[in-house]
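Asks: The structure's right below; bear with me while I get my questions together.
The values are calculated or read from the model by the stated rules, or taken from the named source; none is laboratory data. Note that the structure is predicted; figures quoted are calculated from it, not measured. Glycine gets a Cβ as well: all are built from the backbone with ideal geometry, and neighbour counts include every protein chain shown.
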Amino acid sequence: MITTLRIILLILCCPLFMMAQEEMTLQKAISIGLENNYDIKIADTSIAIAENNDSWAVAGSGITLDLNGSFNNNLINNKNPASFIQGNFYSGSLGAALDANWVVFNGGRIAVSKELLENAVDQQKLTKLTGIQDLLREIYQNYYAVIFQKTQIDVLENILITSQDRLAYEETKKAFGSSNSYTLLQFENAVVADSINILSQKQAVNIAKQQLYRSLNLPEQAAYTFTESLSVYDEEIDAPALKEKLSEENYTLKSLAMIAKLNSLNTKLSKNNKKPTLTLNGSLGITENAFKPFEDNPNTGQPFELLLGNQINLGLNAFLNWRLYDGGARNIDIQNAKLQEEIDQLSILQAKALLNDQLDILISNYNNQRALLKLTGEQVALAQRNIEMTEERFKAGQVTSLDFRTVQNQYLQAASARINAIYSLVQTKIEIDYLVGVFQ
């Protein structure tokens with residue numbers, strides 16, 4: 001009665017346990033990874049900073065206004081006989097001034113600075129996209145590593161089921177006296193060995209899951225089920241189309257193009273340094289002055305009163321600066337900037353050549369792995385037929401338990417080889433997509 005109750009409780013609890021575990025798919029992993037990744041969040045903040053800086057004010061355009069104030073107090077004891085005012089007296093002032101400054105023309109350097117700020121925004125966005133591309137590659141690799149390790153368990157469990165069936169068969173035969181302890185022992189060892197292999201493989205699955213969870217910024221204790229089986233869509237690679245897409249979407253080339261664009265703006269900035277700068281400056285100031293001698297008025301014999309006065313200043317000034325000669329330093333800067341632009345273009349061409357070579361190697365590996373996958377499929381089919389025929393011959397007493405185990409191991413090797421071929425093909429496709437710049 002107690003055993004029956006335990007079974008009922010186990011049956012009732014299992015669905016609840018399965019409901020508590022959420023299924024993990026590749027798209028879900030990508031969604032979680034993009035949401036939880038700290039580098040992407042930092043990149044978003046960097047983009048916001050760059051966008052705040054992208055203004056004409058930061059570039060140096062517009063009028064600047066400064067409000068200045070002053071309050072001065074001085075007690076003076078002047079005994080200089082040549083001075084107009086001698087003796088002890090107080091001098092003070094209270095003033096305020098509004099200064100305006102406007103760079104009317106600076107050779108176009110402000111416009112170039114604005115372009116540099118705009119490109120800084122694009123550069124931060126490119127940094128974010130590059131980080132997303134790297135993250136997608138990591139998620140793809142780690143996700144399929146879990147599926148790969150999990151699929152290995154399926155093969156081992158099939159082998160274990162076969163071993164258990166053979167063990168049960170031999171136990172029945174021994175009960176009727178048509179088998180012996182030695183043969184039974186061989187199948188018991190096979191069951192134990194297969195169970196150990198499954199346990200070790202489950203540990204490999206857990207390690208792969210933890211690696212995936214780390215890339216998604218999830219706790220290692222997260223409980224997700226993985227129901228997908230390792231498979232691959234056998235497709236031909238269109239090398240010319242991929243190379244064209246690579247030249248447009250590859251993030252290394254995009255980064256080099258961004259650097260080249262920034263350096264071209266530096267060339268323009270170096271040229272504009274040879275042009276004049278015109279600045280207007282205006283000011284409006286009001287000052288209230290106070291003066292009081294501490295001596296008595298020699299004419300009246302009475303103390304001097306506090307004398308007050310004010311002053312208003314209004315000014316408008318223009319400043320022109322044009323460096324006509326600097327020993328050729330600016331010309332050298334321009335020449336160096338142009339040479340740097342040539343280097344940038346050569347770097348892009350070099351990168352394209354290297355990336356195309358890498359793509360050719362990956363495509364060649366992909367095609368070889370497709371052929372290998374086909375052969376391993378045939379090998380598994382043959383191994384399956386062999387194990388079925390050996391099972392019949394074993395029942396007929398024509399092969400020994402050791403022969404049967406050998407055939408089992410051959411099937412295991414063939415099945416594992418096929419799984420590895422599928423996994424290698426998947427990984428190579430991931431590398432191709434990453435290199436091209438678009439995951440499909």
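Asks: Which residues, taken from the range 103-117, are surrounded by fewer than 15 Cβ atoms within 10 Å (Cβ to Cβ) and not in a loop (DSSP other than H, G, I, E, B)? Let's see the steps before the verdict.
Replies: We begin by selecting, within the range 103-117, every residue surrounded by fewer than 15 Cβ atoms within 10 Å (Cβ to Cβ); these are 104-105, 108.
Val104, Phe105 - these are the residues of the range 103-117 that are surrounded by fewer than 15 Cβ atoms within 10 Å (Cβ to Cβ) and not in a loop (DSSP other than H, G, I, E, B).
Asks: Looking only at residues in the range 366-390 that are touching a helix residue (DSSP H, G or I) at 6+ places or on another chain (Cβ under 7 Å) and touching a residue at least 40 places away in the same chain (Cβ under 8 Å), which one is nearest to Phe404 (Cα to Cα)?
Replies: So, considering only residues that are touching a helix residue (DSSP H, G or I) at 6+ places or on another chain (Cβ under 7 Å) and touching a residue at least 40 places away in the same chain (Cβ under 8 Å), the one nearest to Phe404 (Cα to Cα) is Ile387.
Asks: Out of all the residues in the range 1-48, which are of a type in the set (Ser, Thr, Tyr) and at pLDDT below 50?
Replies: The initial filter retains those residues of the range 1-48 that are of a type in the set (Ser, Thr, Tyr), namely 3-4, 25, 31, 38, 45-46.
Matches in the range 1-48: Thr3, Thr4.
Asks: While we're on this one: Taking the residues in the range 180-194 that are within 9 Å of Glu170 (Cα to Cα) and part of a helix (DSSP H, G or I) as candidates, determine which candidate is modelled with the lowest pLDDT.
Replies: If we take residues in the range 180-194 being within 9 Å of Glu170 (Cα to Cα) and part of a helix (DSSP H, G or I), then Thr183 is modelled with the lowest pLDDT.
Asks: Quick one: which residue in Asn266, Asn272 is assigned by TED's automatic domain parsing to the domain that holds Leu375 and over 30 Å from the mean Cα position of the chain (by Cα)?
Replies: Asn272
Condition check ((1) of a type in the set (A, V, I, L, M); (2) assigned by TED's automatic domain parsing to the domain that holds Ala204) across all residues:
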residue: Ala97; (1), (2): yes, no
residue: Ile110; (1), (2): yes, yes
residue: Ser113; (1), (2): no, yes
residue: Val121; (1), (2): yes, yes
residue: Leu126; (1), (2): yes, yes
residue: Arg137; (1), (2): no, yes
residue: Gln141; (1), (2): no, yes
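Asks: Does Ile419 satisfy being assigned to a helix (DSSP H, G or I) and closer than 16 Å to Asn250 by Cα?
Replies: Numbers: assigned to a helix (DSSP H, G or I): yes; closer than 16 Å to Asn250 by Cα: no.
Here the answer is no, as Ile419 does not meet what is asked.
Asks: Confirm whether Tyr411 is part of a helix (DSSP H, G or I), in contact with a Phe, Trp or Tyr (Cβ under 8 Å, 6 or more places away or on another chain) and either at pLDDT 85 or above or within 25 Å of Lys150 (Cα to Cα) (or both). Step through it out loud before you land on a result.
Replies: Numbers: part of a helix (DSSP H, G or I): yes; in contact with a Phe, Trp or Tyr (Cβ under 8 Å, 6 or more places away or on another chain): no; either at pLDDT 85 or above or within 25 Å of Lys150 (Cα to Cα) (or both): yes.
In short, no.
Asks: Counting only residues that are hydroxyl-bearing (Ser, Thr, Tyr) and within 26 Å of Glu118 (Cα to Cα), which one in the range 26-67 is surrounded by the fewest Cβ atoms within 10 Å (Cβ to Cβ)?
Replies: The initial filter retains those residues of the range 26-67 that are hydroxyl-bearing (Ser, Thr, Tyr), namely 31, 38, 45-46, 55, 61, 64.
Okay, now just the ones that are also within 26 Å of Glu118 (Cα to Cα), so 38, 45-46, 55, 61, 64.
Working: Tyr38: 8, Thr45: 10, Ser46: 17, Ser55: 12, Ser61: 15, Thr64: 12.
So, considering only residues that are hydroxyl-bearing (Ser, Thr, Tyr) and within 26 Å of Glu118 (Cα to Cα), the one surrounded by the fewest Cβ atoms within 10 Å (Cβ to Cβ) is Tyr38.
Asks: Among the residues in the range 275-284, are any within 30 Å of Tyr90 (Cα to Cα), modelled with pLDDT of 90 or more and not in a helix (DSSP H, G or I)?
Replies: Yes, because at least one residue in the range 275-284 is within 30 Å of Tyr90 (Cα to Cα), modelled with pLDDT of 90 or more and not in a helix (DSSP H, G or I).
Asks: Can you say whether Ile334 is surrounded by 11 or more Cβ atoms within 10 Å (Cβ to Cβ) and touching a residue at least 24 places away in the same chain (Cβ under 8 Å), as far as the supplied structure shows?
Replies: On the way: surrounded by 11 or more Cβ atoms within 10 Å (Cβ to Cβ): yes; touching a residue at least 24 places away in the same chain (Cβ under 8 Å): yes.
Considered against the rule, which asks whether it is surrounded by 11 or more Cβ atoms within 10 Å (Cβ to Cβ) and touching a residue at least 24 places away in the same chain (Cβ under 8 Å), Ile334 comes out as yes.
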